[in-house]
Amino acid sequence: MNKINAKRLVQLDSLQSKIKYSFKNVELLNRALTHSSYANEHRRMNIKYNERLEFLGDAVLGVVISDYIFKKYSNYPEGELTKLRAIVVCEQSLDYMSKKLEFGKYLLLGKGEESTGGRERVSILADTYESIVGAIYLDGGLEKAKSFILNYMINIINDAVNGKIFLDYKTQLQEYMQQKDKCNIKYKVIKEEGPDHNKIFYVDVSNCDEVIGTGIGKSKKEAEQNAAKSALDKEGLLND
């Protein structure tokens, strides 16, 4: 268990007021805000970090958004629902939400990650949002997680419906290639560099076994997005 001191508890109380949810088990919130780089720098303390919560939160977020748009937009066919969900839950949207709620200033980061701008890194903040969703789900159940998600993401959903938010690069590339041919897009990690708490990922995206883009990132998701962006750029299709 992560030991929480009095100063940290004050910080967590402040965040709970901000997100309008009070944890029965505040340790879950603390864990959701603990990055692997911090745990790796304090190995002897056996600190739990947020990657498992991120995994769970990703699934909960997908269910909640899918359920909401399925019921709200009953005239949308499956393809449009899929596109809408992809926009709403993309890394950029989750990063935006994390920054709006100032999650970055509550993160526990390793010194290396801190010094390289981890508190503002898109991939870390998007993952943190998913981690907090997972923590709320474990602490209060699906309805509490649903309330948290929809309280803050309704505007993003509305903007996506009204065409004010563009698709993420991976979805843009998928749609373009589906129109162009029937081959399947595949992403492959070709190399990893650095220690576990500060890895750099290199990803190739291929279509019909032909590499069409390459990306680098601090997470696999970020590297995949950059690979897709590279492919779109080559086609002159960037939708920025």
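Tabulated results
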item	result
Contacts under 7 angstrom Cβ, first residue in the range 99-114 being assigned by TED's automatic domain parsing to the domain that holds SER14 and surrounded by 15 or more Cβ atoms within 10 Å (Cβ to Cβ), partner in a strand (DSSP E or B) and of a type outside the set (Asp, Glu), 6 or more apart	LEU108/THR34
Among residues of the range 135-149, those that are loosely packed, with under 15 Cβ neighbours inside 10 Å and either within 16 Å of the chain's Cα centre (by Cα) or of a type in the set (Asp, Glu) (or both), counted	1
Top-ranked residue in the range 19-60 [being at pLDDT below 95, part of a helix (DSSP H, G or I) and of a type in the set (Lys, Arg); ranked as surrounded by the fewest Cβ atoms within 10 Å (Cβ to Cβ)]	ARG44
Given (1) at pLDDT 95 or above; (2) outside the structural domain of GLN11 (by TED's automatic domain parsing), number of the condition TYR137 does not satisfy	(2)
Selected residue [under 25 Å from LEU81 (Cα atoms), touching a residue at least 24 places away in the same chain (Cβ under 8 Å), more than 21 Å from the chain's Cα centre (by Cα) and surrounded by 15 or more Cβ atoms within 10 Å (Cβ to Cβ)] from MET153, MET177	MET177
Single residue of the range 208-225 satisfying the filter (assigned to a helix (DSSP H, G or I) and at pLDDT 90 or above) that is nearest to GLU113 (Cα to Cα)	ALA223
Evaluation of GLY112 against (1) of a type outside the set (Asp, Glu); (2) touching a helix residue (DSSP H, G or I) at 6+ places or on another chain (Cβ under 6 Å); (3) modelled with pLDDT under 90; (4) within 24 Å of ALA227 (Cα to Cα) (one fails), failing number	(4)
Test: residue in the range 164-175 that is assigned to a helix (DSSP H, G or I), of a type in the set (Phe, Trp, Tyr) and within 17 Å of SER98 (Cβ to Cβ)	no
The one condition in (1) farther than 20 Å from LEU94 by Cβ; (2) part of a helix (DSSP H, G or I) that CYS183 fails to fulfil	(2)
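The values are calculated or read from the model by the stated rules, or taken from the named source; none is laboratory data. These figures come from a predicted structure and were not determined experimentally. Cβ sites come from the backbone with ideal geometry, for glycine too, and all protein chains shown count toward neighbours.
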